[in-house]
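Notes follow the structure.
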Amino acid sequence: MAGVDRTAVLVIRAWLEAGVEKTALRARITRTLDVAAPETVETAAASEEEILAAVRAWLRAVAGSSVTAG
């Protein structure tokens, strides 16, 4: 059985938000595991750590949902 081509996409919109005590990094993350499917998930992150955790989770989902071994 031939492998199925699939394209996953992750878009991060990041900005700095001035706060009372300090400037904070914020992000809106839009992701899908297959651009052919209409389902996207949108989340927000309030720190570099949260952004990196979202990227890692998405990469793991992409790798875990692959149909071909490589």
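Taking the residues in the range 1-20 that are in a strand (DSSP E or B) and of a type outside the set (A, V, I, L, M, F, W, C) as candidates, determine which candidate is least open to solvent (accessible area, probe 1.4 Å).
Out of the qualifying residues, it is GLU17.
Restricting attention to the range 18-31, which residues are closer than 12 Å to ALA45 by Cα and not polar (S, T, N, Q)?
Within the range 18-31, ALA24, LEU25, ARG26, ALA27, ARG28, ILE29 meet the criteria.
Looking at (1) under 22 Å from ALA53 (Cα atoms); (2) modelled with pLDDT of 90 or more; (3) over 10 Å from the mean Cα position of the chain (by Cα), can you tell me which one ALA36 breaks?
Status for ALA36: all satisfied but (1).
Can you tell me which residues in the range 21-51 are touching a residue at least 12 places away in the same chain (Cβ under 8 Å), closer than 22 Å to ALA63 by Cα and assigned to a loop (DSSP other than H, G, I, E, B)?
LEU33, ASP34, VAL35, ALA36
The values are calculated or read from the model by the stated rules, or taken from the named source; none is laboratory data. Here the structure is a predicted model, which means the values were calculated and not measured. When we count neighbours, we look across all protein chains shown, and the Cβ atoms used for this are built from the backbone with ideal geometry, even at glycine. We work out accessible area using only protein heavy atoms, side chains counted, and drop any ligands, DNA or RNA first. Shrake-Rupley method; radii C 1.70, N 1.55, O 1.52, S 1.80 Å.
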